[in-house]
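Working notes, beginning with the structure itself.
The values are calculated or read from the model by the stated rules, or taken from the named source; none is laboratory data. Because the structure is a prediction, the values reported are computed rather than measured. FYI the Cβ positions are ideal-geometry reconstructions off the backbone, even for glycines, and counts take in every protein chain you see. The area values use the complete protein model at the heavy-atom level, side chains included, leaving out ligands, DNA and RNA. Shrake-Rupley method; radii C 1.70, N 1.55, O 1.52, S 1.80 Å.
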Amino acid sequence: MTTVLIADDNSVVRAVVREMLTGDIVVVAEAANGAEALELARRHRPDVTLLDHRMPVRDGLSVVGAISTHSRVLMLTRSADDRTVLDAVRSGAIGFLVHGQFGPAELLHAVRAVAGGESHLSPSAARVLVAAVRQAPPRHGLSQREAEVMDLIARGLSNGDIAATLVLSSKTVENHVNRIFAKLGVTSRAGAIRRWDT
């Protein structure tokens, strides 16, 4: 049996969601605002909390972190704007479904997945996270090309092998390696690999 808390300020939405949750999924409580959701999560410790982000008293995003210490959080909301998705995931949500982008079967699957510790995202939320990862600064301040070179160094390739793999001149690879060592604050390949793995 999977226990669920539904938190949404719209009673009609809560009723619809409750009707969709069938079988081994049991709704143990419902909340109409973020403060109530946090209190009920502490009291019932449900396997999953379905949490809207726009609610009175306290909005969903302000309580994700606190609720996630008692329950796994699956955001269930009408908005998948970049800020909402990123803030929710950074705060502790492990799932994000957008109204209009799922049916009863997917909701059931998402609840079970999140209860088991797996992520489940609507396509629009997944696109936001993929875009955010692609825009993230490279590790240790390395450029994209330097990171590619460093990955090959970590795999044990020589400068000549790296030049052949990336279709670069040996001098270009040597320049990249020197810049990598400087940025990582090391003087050897072994040191660079140790730093890269941290």
**Report entry** 5 angstrom amide H check on F96, placed H, neighbours 5+ away
**Finding:** M75, H120, L121, S122
**Report entry** Potential extension, V26-D82 segment - 0.36 nm per residue separation minus Cα distance
**Finding:** 17.0 nm
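Could you give the alpha-carbon Rg of segment 1-81 over 2.2 N^0.38 Å, rounded to two decimals?
Compactness ratio reported: 0.96.
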Report summary line: Charge tally for neighbours of V57 with beta carbon under 14 Å away, counting Lys, Arg as +1 and Asp, Glu as -1, is -4
Query raised in the report: Which ³J(HN,Hα) values in Hz, rounded to whole numbers, follow from the phi angles of segment 178-185 under the Karplus curve 6.51 cos²θ - 1.76 cosθ + 1.60, where θ = phi - 60° and Gly and Pro get x?
Result: 4, 5, 4, 4, 5, 5, 7, x
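Measure off, as a whole percent, the carbon and sulfur share of the 1.4 Å-probe accessible area of the chain, all protein chains present.
The computed percentage sits at 51.
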Query raised in the report: Any idea how far apart S124 and D197 come out in nm if each label point goes 7 Å out from Cα toward Cβ?
Result: 4.4
Requested in this report: Mind listing the long-range amide H neighbours of A31? Cut-off is under 5 Å, sequence gap 5 or more, other chains count too, H placed in the peptide plane at 1.01 Å from N.
Outcome: I6, A7, D8
Query - Magnitude of the charge dipole, the chain, Cβ model with Lys/Arg +1 and Asp/Glu -1, debye to 20 - result: 760
Query raised in the report: Once the piece of chain linking R134 and S11 is laid out straight, how much longer is it, given 0.36 nm per residue of separation minus the C-alpha distance between them?
Result: 40.4 nm
Report task. Give me the percent of Cα-Cα pairs in the chain that sit more than 26 Å apart, rounded to a whole number. Result -> 47
Query - For segment 91-198: span of alpha carbons on each principal axis (Å, largest first) - result: 58, 26, 20
Report summary line: Expected unfolding gain across Q144-K171 under the 0.36 nm per residue rule, minus the alpha-carbon gap, is 7.9 nm
Requested in this report: Write down the accessible area per residue of the chain in Å², having rolled a 1.4 Å probe over the full set of protein chains.
Outcome: 50
Query raised in the report: Taking H as built 1.01 Å from N, whose amide H comes closer than 5 Å to the amide H of V186, not counting residues under 5 places away?
Result: none
